[in-house]
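Following: one structure in structure tokens, then a few remarks.
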Amino acid sequence: MQQTDAFVVLLTTVPDANTGERLAKGLIDQEFAACINLLPAMTSFYKWQGKVECDSEQQLLIKTRRDKIDAIEQWLTDHHPYDVPELITLPISDSSQDYLQWLNDSI
């Protein structure tokens, strides 16, 4: 396994599968990400504007390079239906060289 900090997984939530598919396709079309997984529905509890909310959401796992984070954040700000979209960065600390090469070549 190669250790690197050049690659990350970004997390964002979406209200439904249609939104998730639209955002995933857009991010890949823009070559901001190599692969995006849309996970099945989950229940999210959070505080918004002073009230505890409970909604069904889906999670996107966005595999990309660290140098694309700012562009992805701006693109999501422009295209995401939420006022404040989640954007959490998780480093990819270990992976196969072949996978990282594919990820890099796909962006």
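Taken together, the values in this text are just the output of simple stated rules run on the coordinates, not laboratory data. Everything numeric here is computed off the predicted structure, so don't read it as measured data. Counting neighbours? That spans all protein chains shown, and the Cβs are built from the backbone with ideal geometry, glycine included.
Please report, in debye to the nearest 20, how large the charge dipole of the chain is about its Cα centre when each Lys and Arg carries +1 at its beta carbon and each Asp and Glu carries -1 there.
Working: 8 positive and 17 negative charges, 25 e Å.
The dipole magnitude comes to about 120 debye.
If each of W102 and Q74 carries a label point 7 Å out from its Cα toward its Cβ, how far apart are those two points in nm?
A separation of 3.0 nm, rounded to one decimal place.
Kindly identify the range 56-107 as rounded, prolate or oblate by the Cα gyration tensor criterion: order the square roots of the eigenvalues as a ≥ b ≥ c, call it rounded if a/c is under 1.5, otherwise compare a/b with b/c, prolate if a/b is larger, else oblate. Mind dumping the intermediate values first?
On the way: a/c = 2.56, a/b = 1.89, b/c = 1.35.
It comes out prolate by the Cα gyration axes.
Expressed as a fraction of 2.2 N^0.38 Å, the rule-of-thumb size for a compact globular protein of N residues, what is the C-alpha radius of gyration of the chain? Don't jump to the answer; show the numbers that get you there.
Numbers: Rg = 14.5 Å, N = 107, 2.2 N^0.38 = 13.0 Å.
Compactness ratio reported: 1.12.
Measuring from label point to label point, each 7 Å out along Cα→Cβ, what is the D67 to C54 span in nm?
4.6 nm
Angle between the Cα long axis of helix 97-106 and the longest principal axis of the chain, 0 to 90 degrees, nearest 10?
70 degrees
In percent, how large is the relative contact order of the chain, given Cα pairs closer than 8 Å and 6 or more residues apart?
Details: 188 pairs, mean separation 47.5, N = 107.
Relative contact order of the chain: 44 percent.
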